[in-house]
Amino acid sequence: LRNRPLTCLVNLPLTKLPILKLFDTVVRQAMMSSQDDIIQVIAWKAIICALKNGMDRFFPTIVAMLAMSYARQGKLRTASKIGSISLELAEKFRNEKDIYSRCQVVAHSMIMTHSHPFTDSIDSLYRSYTALKLVGVVDVALGSIMAYFQMYFAAGLEINPLLESKMHQVEEYCKDVDRRPFLVTFRIYKQFAMNLRKRSESPTEFRGKVFHEEEVLSKMKGKQRSMILRDSSTCRLQLAFVFWNEDTMADMLNILESYPLVDQFTARIHNRVCITGLAAFALGRKRNSKQFQKLGEKCLSKAAHLAKQGSVNARPVYLFMLAMKRPSRKAFCETIFACAKTKFIHLEAMAAERYAAFLKAENDASLANDFITHAYWLYRDWGAHAKAFDLSQRYEFLMVNILLYFLLIFVSKQVFLTPDP
């Protein structure tokens with residue numbers, strides 16, 4: 001750049017430069033094979049070429065993939081700066097749906113959420129999916145909507161019938177374009193949502209009409225089976241932590257332990273690191289398992305690195321892991337406050353329930369009941385109605401509080417609607 005700021009790329013003149021299309025093709029292939037060093041060499045050559053001759057429609061995506069390579073190497077601040085530039089460049093080609101949306105997908109699913117809340121990127125991913133579907137860029141469209149659902153879960157947004165409707169529409173699209181691996185992944189997500197929303201005898205199992213884990217995995221082999229098992233086990237581990245099924249937690253941790261803590265999709269690795277670390281520390285303490293404690297430390301180190309690099313999404317996860325590792329009133333209160341601040345209602349609900357269990361062990365039943373009540377309403381807000389119902393059945397005082405709450409609402413409405421004499 002010859003001492004020029006990175007923002008100078010935004011002001012480059014538009015031109016037709018065929019060699020940038022070649023650079024884009026090479027960088028994309030290097031991205032698929034995770035060859036970050038090659039991405040950086042080629043991308044910087046493309047930048048040098050653009051500085052001399054101007055840029056064309058392929059330039060924003062090249063810059064976005066350069067940012068992604070730095071993100072995968074853990075250089076998150078550099079990645080965020082370059083990622084922001086790629087989004088500014090993409091605005092110059094907003095009318096070219098395929099180029100504009102490709103850049104949006106790379107930036108929002110792999111880069112920007114290292115420094116921004118997940119909620120800042122969710123809508124962009126859904127719009128990109130819609131645009132890419134219309135222009136027939138199938139695999140990138142499905143990658144975009146997959147990142148959308150991962151981010152939706154990571155942000156703790158409400159799980160509701162509208163979300164399931166979107167999942168159903170994506171399922172039908174997968175069938176139309178014959179993309180079975182994507183179809184299986186979306187069915188995992190749908191079954192996960194249904195297990196949280198609707199009561200069942202075994203909420204931590206995937207044996208539903210939408211996704212039956214054992215049957216699906218029996219028909220798969222190799223890398224494809226490994227990836228589906230990873231995603232399915234991550235979702236089941238979260239269900240096991242929410243419904244507190246220790247045996248399922250242990251089984252899922254044993255499966256996930258063999259997978260490296262790397263992933264180009266920021267929300268997917270966030271979800272896996274988060275729930276693996278929480279469950280590992282929980283069982284590591286309860287069962288005095290060095291194996292699980294070691295796994296928890298790996299996840300804690302990953303979350304600490306992300307938080308140190310400025311990730312607003314990682315800090316609540318990091319604090320929650322510390323609370324599970326060394327439970328204390330201060331640690332849980334800091335976690336609950338951090339989750340509330342970032343509006344991670346799903347993590348706040350889990351933290352409140354775990355804090356209640358800690359308080360109960362310390363014979364502080366009154367405060368424990370307050371946090372159970374708090375967790376109940378948070379689970380309802382999250383859309384985890386099956387879990388909320390489970391709590392109401394386990395704690396008699398909670399059912400009384402719920403009835404009083406709805407009675408108060410009913411009475412207040414009657415007072416409001418009754419005309420003055």
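A few points about this structure:
- Pair ARG326, GLU246: separation of 7 Å Cα→Cβ label points (nm): 2.4 nm
- Longest site-free stretch - the chain; sites: GluC sites (Glu not before Pro), DSSP loop, at most 16 other Cβ within 10 Å: 258-361
- Table column - 3J(HN,Hα) (Hz), the range 234-246, Karplus curve with 6.51, -1.76, 1.60, x for Gly and Pro: 5, 5, 5, 5, 5, 4, 5, 5, 5, 8, 6, 10, 5
- Relative contact order (percent, whole number), the chain, Cα cutoff 8 Å, 6+ residue spacing: 12 percent
- Surface accessible to a 1.4 Å probe, SER366 within the full protein complex, Å²: 80 Å²
- The eigenvalues of the Cα gyration tensor, multiplied by 5 and square-rooted, give the chain an equivalent ellipsoid with semi-axes of 41, 24, 23 Å from largest to smallest.
- Loop-located trypsin sites (Lys or Arg not before Pro) in the range 37-146 (DSSP state other than H, G, I, E, B) with a sparse environment of at most 12 neighbouring Cβ atoms within 10 Å: ARG94.
- The largest accessible area among ARG2, ARG315, ARG380, ARG230 belongs to the first residue in ARG2, ARG315, ARG380, ARG230, and the rest follow in falling order (1.4 Å probe, all chains).
- Anisotropy class of the range 22-163 from Cα gyration tensor, a/c 1.5 cut: prolate
- Across the alpha-carbon atoms of the range 253-312, the computed radius of gyration and Dmax are 11.5, 34 angstrom.
- Sequence of ILE38, ILE345, ILE269 when ordered by accessible area, the most exposed leading, probe 1.4 angstrom: ILE38, ILE345, ILE269
- Projecting the Cα atoms of VAL10, SER86, MET110 onto the dipole axis of the range 1-160, where Lys and Arg carry +1 and Asp and Glu carry -1 at the beta carbon, places VAL10 farthest toward the positive end.
- Debye intensity ratio I(q)/I(0), log10, the range 221-374, q values 0.16 Å⁻¹ (C-alpha model): -0.85
- When its C-alpha radius of gyration is set against 2.2 N^0.38 Å (N residues), the range 189-239 gives a value of 1.11.
- Residue order for HIS305, HIS346 - accessible surface, 1.4 angstrom probe, largest first: HIS305, HIS346
- Cross-link partners for LYS166 among the aspartates and glutamates, with Cα-Cα distance under 17 Å and sequence neighbours closer than 8 places in the same chain left out: ASP123, GLU158, ASP176.
- Per residue convex hull volume, Cα atoms of the range 84-159, in Å³: 76 Å³
- Each residue of the range 297-305 was assigned a 3J(HN,Hα) from its phi angle through the Karplus expression (A = 6.51, B = -1.76, C = 1.60, θ = phi - 60°), giving 5, 4, 5, 4, 4, 5, 5, 5, 4 Hz with x at Gly and Pro.
- Solvent-accessible heavy-atom area per residue, rounded to whole Å², over the range 24-67 at 1.4 Å: 41 Å²
- Each Lys and Arg adds +1 at its Cβ and each Asp and Glu adds -1 at its Cβ; summed about the Cα centre, the chain shows a dipole of about 1260 debye.
- Spin-label proximity, LYS286 to the range 242-274 - amide N less than 17 Å from point 7 Å beyond Cα toward beta carbon: 242-255
- Projected-area mean, the range 323-391, by convex hull of Cα positions, square nanometres: 4.3 nm²
- Using Cβ point charges alone (K and R +1, D and E -1), the dipole size of the range 1-84 about the Cα centre works out to roughly 200 debye.
- Ligands, DNA and RNA left out, the accessible area of the chain computed with a 1.4 Å probe is 54% carbon and sulfur.
- Entries of LYS190/LYS343; LYS21/LYS97; LYS223/LYS308 with Cα pairs more than 21 Å apart: LYS190/LYS343; LYS223/LYS308
- Each stretch of four or more DSSP H residues adds -39500 (n - 2.57); spread over every residue of the chain, this sum gives -25000 deg cm²/dmol at 222 nm.
- Descending semi-axes in Å of the range 101-223, equivalent ellipsoid built from Cα gyration tensor: 25, 18, 13
- Between the range 168-230 and the range 9-48, the alpha-carbon center distance in angstrom: 36 Å
- One decimal place: the segment ARG180-ALA361 gains 60.4 nm when fully extended, by the rule 0.36 nm per residue minus the C-alpha distance.
The values are calculated or read from the model by the stated rules, or taken from the named source; none is laboratory data. Just so it is clear, the model here is predicted, and its values are computed rather than measured. Backbone-built Cβ (ideal geometry, glycine too); neighbour counts: all protein chains shown. Keep in mind that these areas ignore ligands, DNA and RNA; they rest on the heavy atoms of the full protein, side chains included. Shrake-Rupley method; radii C 1.70, N 1.55, O 1.52, S 1.80 Å.
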